[in-house]
Amino acid sequence: MTVSQAVDFVTCDLLDDHPDTQVCSPSIDGKSFRNFGGRKAFGGLVVTVKCFEDNSRVKELLATEGAGKVLVVDGGASMRCALLGDLIGESAVKNHWAGVIVYGCVRDVDALATLDLGVQALASIPQKSNRKGLGETDVTLSFGGLMIESGMYVYADNNGILVSDVALIS
């Protein structure tokens, strides 16, 4: 799937057609993923990053070419600061990323909603993160009953999040 292709799917239908696909739990620690971006359905090749209250790696990755990719961020479900905001979101759009999924918080939600970018996160908070250059990329992530690795595929919409070893849309 390239960024120039219109993403036209419903996760329910994808799951019906591919029942062995991983499904993210609808509630994680009492929180659920919500859409914050301008794209309500998005998917693509997974790139992973694990960081806790430091969005340095998120900013770095989204400043690189991301056509057909989705950044999946394990922020440890922190509710103390945001790992994505409008400026980094604008960088992601400029670099053709399909979306960002944050197991944590985002900020600047009104601006994010205007971007041609899929964004799902657990919550919003105005507090920005501290950048200390910490975080790991291309690591296995585990949250919401999912095991996610770079090179897998993720699909997200208002119904939920799916993860697959293979592309479900050609």
State, to one decimal in nm, how far the label point of D16 lies from the label point of A111, with both points 7 Å from Cα in the Cβ direction.
4.0
Rg and Dmax of region 26-160, Cα atoms only, in Å:
12.8, 35
Taking amide hydrogens as modeled 1.01 Å from N in the peptide plane, which residues meet the under 5 Å criterion relative to G37, leaving out close sequence neighbours?
V119
Pairwise over distinct Cα atoms, reciprocal of the mean inverse distance: report the Kirkwood radius of region 1-96 in Å, one decimal place.
15.0
Per 5 Å bin, what percent of the C-alpha pairs of region 108-170 does each bin hold, from zero upward?
3, 11, 17, 21, 21, 19, 5, 1
For F52 and S142, compute 0.36 nm times the residue count separating them, minus their Cα-Cα distance, and round to one decimal in nm.
31.0 nm
As I understand it, the dipole of the chain uses +1 on the Cβ of Lys and Arg and -1 on the Cβ of Asp and Glu, about the Cα centre. Which of S78, S170, L14 lies farthest toward its positive end?
S78
A63 versus D8: modelled label distance in nm, points set 7 Å from Cα along the beta carbon direction:
3.7
Along Cα→Cβ, 7 Å out, is where each label goes; now give me the distance between the ones at N159 and N130 in nm to one decimal.
4.3
Could you list C105, C51, C81 in order of exposure, starting from the residue whose Cβ has the fewest other Cβ atoms within 10 Å?
C81, C51, C105
Using only Cα atoms, figure out Rg for region 73-139 and give it as a multiple of 2.2 N^0.38 Å.
1.04
If Lys and Arg each add +1 and Asp and Glu each add -1, what is the summed charge of the other residues whose beta carbon sits under 10 Å from the beta carbon of S56?
+2
Viscosity 1.567 mPa s, temperature 4 °C, Stokes-Einstein D of region 50-96 from Kirkwood C-alpha radius, µm²/s:
118
Taking the chain and dividing mean pair separation by its residue count, relative contact order in percent (alpha carbons under 8 Å, at least six apart):
33
If neighbour count is taken as other Cβ atoms inside 10 Å, put K128, K59 in order from fewest to most.
K128, K59
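Each reported figure results from applying straightforward, stated rules to the coordinates on display, with no laboratory input. If you're wondering where the values come from, they're calculated on a predicted model, not measured in any experiment. Every residue, glycine as well, gets a Cβ built from its backbone with ideal geometry; the counts of neighbours run over all protein chains shown.
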